[in-house]
Amino acid sequence: MPPLPSLPSPALRQPARRRFLQGAASALAGLACPSIVPFVAMAQSPAFESWVSKLRPKAEARGVSEATFTRVMHGLKPDTTVYELLNNQDEFQEKLWQYLNRRVSDLRITTGREKAKEIAPLLARIEHDYGVDRYIMLSLWGNESSFGDVVVNSKYMRPIIPALAALAFGAPRRRPYWEQELINALRIVERGWAQPKDMIGSWAGAMGHTQWMPEVWLNMGVDYDKDGRTTPFGKPDDSFAGTAHYLVERGGYRRGEAWGCEVKVPEGLKKRGGTRSYAKWHDVGVVRADGKPFPRPNDQVSLRVPEPGGPGFLIGQNFKAVLSYNPAFAYALSVCYLADRIAGAPPFVQPFPGGERTPTLAEVQELQRRLTAAGFDTGGADGRVGRDTMRAVRAFQQKVGIDPADGYPGLKVLARLRQGT
């Protein structure tokens, strides 16, 4: 999902993406369902225009010219559909194994390996200049935009200035944050890096190959291809360099270190925390799940067992760097796991409780075809699992009495589809 905030001085010390994701959650709280209808109506009224006029001096104080502000904001229609999207963020409650299976899919692994060959020179430059592992970069790209496939796809992306305007106007509890990001977007236009119509992204304003928020574009972006402007669109060069810059500067990414690894944990240690070297963890019985020795025994790591009875993980600073990009443990684990799988590593050795193996690409496509044929439209049978497929799965589960109806397109649902409806 995406980077962000730009409050000068002390506020910039907190990772921007982390502030965004926390901020979005607060905004959600401030936009509970009962409040949506009034703000949708007000956004079409003089109240919105009054808010725009109050925003003008704030934007001009941060370097947006009167001409740019007028050109972009005069007559702007806020994208009020974002209010519904804010309220639907928790539509599906996934277990960790389901999330990993969906994010670290057969399709993403295969595509990632193809892209590793296709853009090998760029990845080598990024590794040399920033020290960020090429497979972490590929995995972030895959997680954030399906390797660039959805960057400007109108099914998933929208003009971000109308979206940010709606959020800034309609989320009073987080208005300073959303206003700052809207002003950051105007500053990008002021610099000549993009035109408003070209700034396409998520409902929350994240854009491009690796989903930069405007603040990240402004402050972490790099003109890596030396064409005179910094952009997260087009070739992935600038996106990769800016994201690597972010991981190093804000996440503390360390050249040459692994993110961590899957481990087997003696029962008595599962509740013990703290940070120590791989060697010290080995001394108390923690070993790699694949039986191999720790390659850098002096690196400092901490132990996590995210689900009782499931695999354990030793995680280091570079895992935490990925967390700075998105503070959800599941997200960071999926990025690091996908990176390893693209690099050629096998699946995790230990199963998660109640889990099942990841469906193959052919199985996902079969599931999508069977669902659509049964009257549950998945929006295509391309092997990508998005909300259309998950909604179709949930509707099928509800019809045939599968409990829970969680929308997960797994092997049990496929087996039931094969039996007929």
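Restricting attention to the stretch 374-421, the residues that are farther than 18 Å from Glu363 by Cβ and touching a Gly at 6+ places or on another chain (Cβ under 7 Å) total 2. Within the stretch 197-213, the presence of a residue that is modelled with pLDDT of 95 or more, of a type outside the set (D, E, K, R) and in a helix (DSSP H, G or I) is excluded. Looking only at the stretch 235-267, residues that are free of Cβ contacts under 8 Å to residues at least 60 places away in the same chain, closer than 24 Å to Arg296 by Cβ and touching a Leu at 6+ places or on another chain (Cβ under 9 Å) come to 3 in all. How many residues does the stretch 303-331 hold that are within 23 Å of Pro409 (Cα to Cα) and either assigned to a loop (DSSP other than H, G, I, E, B) or free of Cβ contacts under 8 Å to residues at least 40 places away in the same chain (or both)? Final tally of qualifying residues: 6. Across the stretch 131-140, a minimum of one residue is classified as crowded, with 24+ Cβ neighbours inside 10 Å and polar (S, T, N, Q). Where helices (runs of 4 or more DSSP H) fall entirely within the stretch 345-421, those with at least 2 residues that are closer than 24 Å to Met157 by Cα are at 361-373, 387-400. On inspection, Pro347 qualifies as within 23 Å of the chain's Cα centre (by Cα) and either at pLDDT 95 or above or among the aromatic types (Phe, Trp, Tyr) (or both). Total residues in the stretch 157-172 satisfying the condition of being crowded, with 23+ Cβ neighbours inside 10 Å and either in contact with a Cys (Cβ under 8 Å, 6 or more places away or on another chain) or not in a helix (DSSP H, G or I) (or both): the figure is 1.
Screening the candidates Arg56, Arg19, Arg71 for the property of being at pLDDT below 95, basic (Lys, Arg), part of a helix (DSSP H, G or I) and in the same structural domain as Gly205 (by TED's automatic domain parsing) yields one hit, Arg19. Just one of the listed residues (Val132, Val189) is β-branched (Val, Ile, Thr) and closer than 23 Å to Glu60 by Cβ, and it is Val189.
Of everything in the stretch 193-218, what is in contact with an Asp or Glu (Cβ under 9 Å, 6 or more places away or on another chain) and within 20 Å of Arg250 (Cβ to Cβ)? Give them in sequence order. Passing the criteria: Ala204, Gly205, Ala206, Gly208, His209, Thr210, Gln211, Met213, Pro214, Glu215. Residue count for the stretch 205-231, restricted to those that are closer than 19 Å to Ala120 by Cα and either outside the structural domain of Ile188 (by TED's automatic domain parsing) or crowded, with 21+ Cβ neighbours inside 10 Å (or both): 3.
Yes/no per residue for (1) within 17 Å of Leu247 (Cα to Cα); (2) among the β-branched types (Val, Ile, Thr); (3) under 15 Å from the mean Cα position of the chain (by Cα):
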position	(1), (2), (3)
Val322	yes, yes, yes
Asn326	yes, no, yes
Phe329	yes, no, yes
Ala332	yes, no, yes
Val335	yes, yes, yes
Phe352	no, no, no
Glu363	no, no, no
Glu366	no, no, no
Arg369	no, no, no
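The values are calculated or read from the model by the stated rules, or taken from the named source; none is laboratory data. Treat the numbers as computed from the prediction; the structure is a model and nothing was measured. Virtual Cβ from ideal backbone geometry, glycine too; neighbours counted across all protein chains shown.
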